Amino acid sequence: SKTSDKLSEFLESGVYRLEDSNAVFIDPVRVLNRSYTRFRVSPSAYYSRSFDSKHAGQEARVSSNFRKRKRKEKKPQPLNDRERAADQRHQEVRPFLLKAHESLVRATELLEVVSNLKGNLGPSTSSPGAEQSLVELGRVWQAPLYEITLNFHPNDNAREDGGAPTIQYCEQPAFPVFNNLVVNETSEDVEAELLNSRYILPPESSFYMSDLGQIHNLIPAESDCGFNLIVIDPPWENGSARQKQRYSTLPNRYFLSLPVKQICHKDGALVALWVTNREKLRGFVEKELFPAWGVKYVATFFWLKVKADGSLICDLDLFHHRPYECLLLGLVHGKVTDSKQLSSTKPKLPDNQIMLSIPGDYSRKPPIAGLLHEYAPRLQRGRCIELFAREMTAGWISWGNEPLHFQESRNFMKT
Ligand code: SAM
């Protein structure tokens, strides 16, 4: 039947197009696993924050505190200009979010699979022991000396006579791990070692691990070697990131000097920027940041966060704690003369597209590379980069001060 076709497509792809709305449900684990060949992303590691009873309890407490505080401050304060603007933005998108959520609630076959997620997580794979802080490692004086070893196909070394495998050192090259483009150019996952930790690099992926001060090294020598798709998730300053101290943040003015214009392909690029719900930030992006980067705003996508039972992670109308985040999309126009041909082959970017998923680790965004692909100029030979990345994506370059963070082997299972 038609519906079960849809479900089996979801089980394959991790993406379910919801009926009657401009929305898709995403299972990040299934999406990510499409590109790994010898490993699998461990669902229990990906969803550890959602299903770990300790963390789940914390979230619940936070939101009930909010409610209590709200109840106490009953005296309605008049909204100031900025709050009114934020509220208006929220009211405009609210019907789309509600409709998307209603479609999810109606997609019972999907919810049945998703709500079983917890039962199907399997044994927790995350091993005890502290994870390696790449940011701290990059700050010590020895940083330029640290090397990462790539182990290409260790099994291929097994001897045909059944003897012990011989280790061929030529297949375990080592590269400087900081301020250097490290590439897995093979179509297989590669295991890599750095000090005492192991990392899994997806096929045809690269990373450049450095501080912002070195980002100019990404600027290509030739403009036809630039990027057609650029995803950026900056460490915006905000109360929550500072409080939880998961990563350090930067003042807005630092992002004005990101070389977005300089890394774009000469045929143009699609730029996707994650922003928080602070109204002040939205104004900054629209009036200063996009103009400074040469980006023309086109559309906004929304990431609506749900629990495994399909309910929203918090009330839709909490003023200081929304269950959604925004992805602002813009274009850097290319220098092509044949613009008619270009626009006729590309689907127009829809506005207010909604992506629903169960959140993973703190601030980890759902994998949307595939969704964005179809809207980027010059798709066939498109080059893609993620800035401030904490993970790697097949076919992409990841830049940031910890692009290997979620590649640590504790997040994977061997197939
Ligand atoms: N998109 C990521 C994800 O889904 O997991 C989250 C990115 S997080 C919002 C911002 C990242 O920027 C963090 O990994 C943080 O360590 C990094 N960062 C902060 N300051 C930086 C700097 N000066 N240079 C490079 N990266 C920096």
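Residue ranges 138-146, 199-207 sort as 199-207, 138-146 when ordered by packing (mean number of other C-beta atoms within 10 Å per residue, highest first). Once the Cα-Cα distance is subtracted from the 0.36 nm per residue extended length, the residue 317 to residue 415 segment shows a gain of 31.0 nm. Each Cα pair under 8 Å and six or more residues apart adds its separation to the average, and for segment 178-247 the resulting relative contact order is 26 percent. If the chain linking residue 364 and residue 298 were pulled fully straight, counting 0.36 nm for each residue of separation and taking away their Cα-Cα distance, it would gain 21.4 nm. Go ahead and collect, in residue order, the members of segment 391-410 whose backbone nitrogen is under 19 Å from a label point 7 Å along the Cα-Cβ direction of residue 172. Taking a point 7 Å out along Cα→Cβ of residue 172, the residues of segment 391-410 whose backbone N falls under 19 Å are 409-410. Take the Cβ atoms of residue 81 and residue 131, set R0 to 51 Å, and the FRET efficiency comes out at 0.70. Ranked by the mean number of other Cβ atoms within 10 Å per residue, highest first, peptides 385-398, 356-369 order as 385-398, 356-369. With 0.36 nm allotted per residue and the present C-alpha distance subtracted, the residue 112-residue 196 stretch has 26.2 nm of extension available. Each peptide among 20-29, 294-303, 80-89 gets the average number of other Cβ atoms lying within 10 Å of its residues, and from highest to lowest they stand as 20-29, 294-303, 80-89.
Only the coordinates and a few stated rules stand behind these numbers; no lab work does. This one's a predicted model, so the numbers in the text were calculated from it and none came from an experiment. Ideal geometry is used to build each Cβ from the backbone, glycine not excepted, and the neighbour counts take in all protein chains shown.
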